[in-house]
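**Student:** This is the structure, below, for whatever I ask next.
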Amino acid sequence: MTILVFSVILFLGALIAGLLGSLTGLGGGVVLIPLLTLVFKVDIHYAIGTSLISVIATSSGAAAAYVKEGITNIRLGMFLELATTAGAIGGAFLATYLPTSVIAILFGFILIVSALLSFARPADPVTEGRPSSLSQKLRLNSSFPTPEGERHYLVKNVVGGFIMMNIAGMISGLLGIGSGALKVIAMDNIMRIPFKVSTTTSNFMIGVTAAASVGIYLKRGYIDPGLSMPVMLGVLAGAFLGSRMLTKAKTKSLKMLFALVILVLAAEMIYNGIKHTI
């Protein structure tokens with residue numbers, strides 16, 4: 001296989017990963033890392049470094065469109081980034097010392113938990129009752145446009161969401177998945193935010209989280225330009241397409257897509273981690 005053919009295949013795979021990442025708030029890493037490790041037999045540390053680069057591209061490509069549409073809660077995203085960046089730095093340090101098989105197994109289990117939790121609540125919450133005093137002080141409550149008009153929502157359990165975001169940041173630095181899965185779950189299940197808002201706000205946040213840890217991988221030599229360039233371009237193109245589709249997509253369909261993709265990939269990663277083939 002020539003370098004050109006290899007780069008084209010990487011680009012196409014990354015385009016699909018970016019599309020799924022943009023639609024579900026995952027950041028593309030949940031597809032990209034299994035693609036690199038299982039199909040192309042790339043060392044998982046290099047795959048994580050490449051994924052973090054793509055996560056930054058995904059966030060840059062999708063976040064701007066979502067902000068323009070008025071769906072993203074920018075104030076909430078900037079507040080939660082305080083937790084995710086701190087966790088991401090710690091996770092990146094830890095990843096350089098763990099065996100690749102352990103990282104692969106952990107990667108799979110994190111994805112399974114994400115898939116199961118995505119079905120914990122089948123519909124968006126009905127925003128009723130008194131708002132959280134902390135969300136009022138921080139002015140986190142907001143609204144987003146729908147075909148039926150502007151929809152207002154309240155942010156619940158701010159402290160619980162902040163703690164979960166710190167864990168999500170650590171997972172991001174450790175596994176290179178942008179922690180988009182856990183961010184969506186934290187906002188959707190814990191903070192009780194509508195799914196489209198949590199997805200778009202996650203896309204807004206993941207670039208900053210990834211940038212906090214990618215420097216450690218660069219210093220360790222785990223960033224390969226030959227891998228990163230076609231992957232970054234593919235993910236960016238996929239993220240752009242996904243951002244165009246999300247505003248017209250149905251929440252139930254997004255959750256089904258979210259769960260099915262990561263369940264299949266989780267099983268593959270756990271199996272190969274146990275067999276020490278990664």
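**Student:** Could you pull out the residue among Ala212, Ala186 that is crowded, with 24+ Cβ neighbours inside 10 Å and either part of a loop (DSSP other than H, G, I, E, B) or modelled with pLDDT under 85 (or both)?
**Tutor:** Values: Ala212 fails: crowded, with 24+ Cβ neighbours inside 10 Å.
Residue meeting the stated conditions: Ala186.
**Student:** Follow-up question, since we're still on this one. Would you confirm whether any residue within the range 251-271 is at pLDDT below 75 and of a type in the set (Lys, Arg)?
**Tutor:** Yes.
**Student:** When the range 215-241 is examined, which residues are found to be modelled with pLDDT under 85 and open to solvent by 50 Å² or more (accessible area, probe 1.4 Å)?
**Tutor:** Those that are modelled with pLDDT under 85 and open to solvent by 50 Å² or more (accessible area, probe 1.4 Å): Leu236, Phe240, Leu241.
**Student:** Could you say which residue among Ser135, Ser202 is open to solvent by less than 10 Å² (accessible area, probe 1.4 Å) and in contact with a Ser or Thr (Cβ under 9 Å, 6 or more places away or on another chain)?
**Tutor:** Ser202
**Student:** Please enumerate the residues belonging to the range 84-108 that are open to solvent by less than 30 Å² (accessible area, probe 1.4 Å) and farther than 23 Å from His276 by Cβ. Lay out the reasoning, then the answer.
**Tutor:** Within the range 84-108, the first condition is being open to solvent by less than 30 Å² (accessible area, probe 1.4 Å), and the residues that meet it are 84, 87-88, 91-92, 95-96, 101, 103-104, 107-108.
Those that are open to solvent by less than 30 Å² (accessible area, probe 1.4 Å) and farther than 23 Å from His276 by Cβ: Thr84, Gly87, Ala88, Ala92.
**Student:** Among the numbered conditions (1) assigned to a helix (DSSP H, G or I); (2) modelled with pLDDT of 85 or more, tell me where Ala64 comes up short.
**Tutor:** Just one mismatch for Ala64, condition (2).
**Student:** Collect the residues in the range 56-83 that are among the acidic types (Asp, Glu) and crowded, with 24+ Cβ neighbours inside 10 Å, keeping them in residue-number order. Even if it seems obvious, please write down each step before you answer.
**Tutor:** Step one: list which residues in the range 56-83 are among the acidic types (Asp, Glu), which gives 69, 81.
Passing the criteria: none in range.
The values are calculated or read from the model by the stated rules, or taken from the named source; none is laboratory data. None of the values given here were measured: they were computed from a predicted structure. Quick reminder, even Gly has a Cβ in these numbers, built from the backbone with ideal geometry, and neighbours come from all protein chains shown. What goes into the accessible areas is simple: the full protein's heavy atoms, side chains included, and nothing from ligands, DNA or RNA. Shrake-Rupley method; radii C 1.70, N 1.55, O 1.52, S 1.80 Å.
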